[in-house]
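What follows draws every value from the coordinates through simple rules; no lab data is involved. Bear in mind the structure is a predicted one, so any value in this text is a computation, not a measurement. As a convention, Cβ positions derive from the backbone with ideal geometry for all residues, glycine included, and neighbour counts pool all protein chains shown.
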Amino acid sequence: MNISRKPTALQAALIVVNLLLVTGIGALLATRGRSGPHLDHVSGTPPPSILLIGIDTLRQDHLGPPGPGEPTRTPHLDALARDGVRFEQCQSTAPWTLPSFASIFTGLRPYRHGAVGGERDFLSERHTTLAEHLARAGYATMGFAGINYLTGQFGMDQGYVSRPPRATDLTGLDQASSITRLSGEFFAQHRGEPSFVFSHYYDPHAPYAPPPPWHRKYYLGNECRPGEPLTARILAAGGVRGENASRGMYDWLAGVTDPAFPNAQYAAEVNYTDDHVGRLMARLKELGLYEGMLIVVVSDHGEHLGEHGYYYTHALPYQETLHVPLIVKLPGNAGAGRVVATPVSTLDLLPTMLEVAGIAVPDTLDGGSLAGLLLGNGKAPRRDLLAEQGSDPDLYSKTLVDWPWKLMLFREEGRDRIALYDLASDPGETRDLSSRHPDETARLTDRLRATFDPDSPLGKGAPGTRANLGQTDIRLLESLGYVHKRPAAAAGEG
Ligand SMILES: [Zn+2]
């Protein structure tokens, strides 16, 4: 691996903030020697402990108040954003869990890390994950995940100090409670040394089943009042194949007729997860760790709530699935309250976190550090905002955002379909402008095709193997809308 190393403005600013807040001027001299990637090179203030919170399936538009004058549904995330920097336009690399989190963990695009579904759903050991970078630098590292896609079964526990519990051992109404408790315990056990925890909350993912009292927090009607079954409407919309429905994906909506019900339950799941973020922040404050920590909150993808004919899943790379929340709270709360409108990518998280930790950032990554944007004195890293779905050469999609334009390329049975949207005037992506703007369409199509071989949706030589799953795991993934037995497709892998 080719490692580049240079002092950055972000590190310098954070050291100054940290010193002013915590250690005094004497430590400033001590930190001058901190230049290597390993903690034994550090004299003076230790690198910050890091919490990466991954909230599955959280739409960006569900942060804050749902409308003018309405109370927020995410008070704890709002508070964290006030202590940190909030990015208004963060793009994920894929509209579903495994490739998206694998990009966050590796800083690589899906076609390079290869954990994309179909025959390739195992993150290769040859990649260096965020946890591995941190562990090599002396961090105590651990992750607690709400779905097995993010555990060792899929190669996603690389770099942890010990084997984390399986997600299926944390199931039930108190899964989020287990993750909150275990995350707090890990930081408590490793207090005094740099620690890293990945805390993954799965609750906003369907089926939406918030525990009491959240189950009636935003819906007080009769969801089973006489009327057309909601599942009939979903299937008639054509967005989800019958085979997915037959695998139990919509069993949780049996008897439901009111379309307001699932949307309210989704909002309740978001609010419930926010409550856990609040509990975890309170624990970190009790431990005296919060102020000095780097805390990142991100989602892997959003959710279709009826847009584009899809319901309560995340299948197509429209903005309701690719536009995700991102909050970065720096040590010492540097930049507190800043809101960044510049579009960024979840690919940028690994280099940003490494830089804050004082660890060398490999120059082989697809993302770049957000240091300049975090400090308010720089630009976005140079890289395209791409998203990918699918591994079958005859059935995949690629998107490219060049604000305000968004190009979508769908390969369907060997033929390409292209659409162009103006996200500024049409954020819901309802008007395809490709015929009205042929020059823009051609320019962006060429740029997209220059990145990907159109006959191979994965990079040539991209690693990737198949996870070894039992029937129980396969049935669980199928019931959640994930089609494990076939390649990811435009409408398949939710
Ligand atoms: Zn997910």
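Some notes on this structure:
- Site pair R475 and R181 shows an inter-label distance of 2.7 nm when each label is modelled 7 Å from Cα along Cα→Cβ.
- Sorted on the mean count of surrounding Cβ atoms within 10 Å across their residues, most packed first, peptides 130-137, 114-121, 443-450 read 114-121, 130-137, 443-450.
- Residues with amide H under 5 Å from that of Q389, placed H, sequence gap 5 or more: S397
- Taking amide H positions as modeled 1.01 Å from N, with prolines and chain starts lacking one, the residues under 5 Å from I53 and 5 or more places away or on another chain are S199, V296, V297, V298.
- Order by protection proxy (mean Cβ within 10 Å, highest first), peptides 356-362, 71-77: 356-362, 71-77
- Peptide ranges 190-198, 98-106 listed from the most packed, as the mean C-beta count within 10 angstrom indicates: 98-106, 190-198
- Computed lengthening from E193 to N222, 0.36 nm per intervening residue step minus Cα-Cα distance: 5.2 nm
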